[in-house]
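Here the structure is laid out as structure tokens; the discussion comes afterwards.
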């Protein structure tokens with residue numbers, strides 16, 4: 001394209017089409033176009049607690065990398081609005097992940113290791129600990145179909161993002177997210193049945 005070489009403005013539709021075709025210059029231009037607005041969008045939605053371990057810039061970088069990997073799946077006539085909507089939807093999931101994946105553990109099992117010596121004390125009769133919660137959740141996950149159980153193990157237990165879990169499983173990130181949401185709903189129904197029965 002001559003417009004790139006002469007420094008003339010490059011229409012955004014051309015950038016999107018060239019990026020879809022794998023043009024590295026177009027991919028860089030598209031990311032540069034999206035990054036400022038995306039960082040602002042994430043910054044407004046990022047929980048202050050999550051800022052202790054991540055930043056809008058870090059999340060935006062991950063979202064843009066995910067967007068680049070999904071460019072070939074964009075429809076041929078995709079507009080800037082289509083791309084922005086897709087990127088923002090992904091950003092919302094990553095913002096939620098940033099807090100979910102780093103939730104503070106609660107209960108006595110969250111204390112520093114070695115702080116309590118289990119050999120010289122009676123078993124806990126107090127509130128449920130984080131370790132108890134995990135054992136209970138693992139038991140529930142064993143009742144899920146294998147494809148869903150594996151997604152829960154990766155996302156909940158290993159604290160992988162949807163993108164990381166998708167890479168490991170050889171799936172699309174959106175498929176992992178849908179399976180995780182379905183599994184969560186199934187686990188919640190089962191938990192309510194156990195609590196009621």
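The values are calculated or read from the model by the stated rules, or taken from the named source; none is laboratory data. Bear in mind the structure is a predicted one, so any value in this text is a computation, not a measurement. Please note: Cβ atoms are built from the backbone with ideal geometry, for glycine as well, and neighbour counts cover all protein chains shown.
Listing for the model above:
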{"item": "Residue satisfying all of: in the range 1-35; loosely packed, with under 13 Cβ neighbours inside 10 Å, assigned to a helix (DSSP H, G or I) and in contact with a helix residue (DSSP H, G or I) (Cβ under 9 Å, 6 or more places away or on another chain); modelled with the highest pLDDT among these", "result": "13"}
{"item": "Hey, residue 116 surrounded by 11 or more Cβ atoms within 10 Å (Cβ to Cβ), modelled with pLDDT under 85 and in contact with a helix residue (DSSP H, G or I) (Cβ under 6 Å, 6 or more places away or on another chain) or not", "result": "no"}
{"item": "Sole residue being modelled with pLDDT of 70 or more, in a helix (DSSP H, G or I) and surrounded by 15 or more Cβ atoms within 10 Å (Cβ to Cβ), chosen from 144, 187, 171", "result": "187"}
{"item": "Considering residues of the range 48-76 that are out of contact with any helix residue (DSSP H, G or I) (no Cβ under 6 Å at 6 or more places or on another chain) and not in a helix (DSSP H, G or I) only, the residue nearest to residue 95 (Cα to Cα)", "result": "55"}
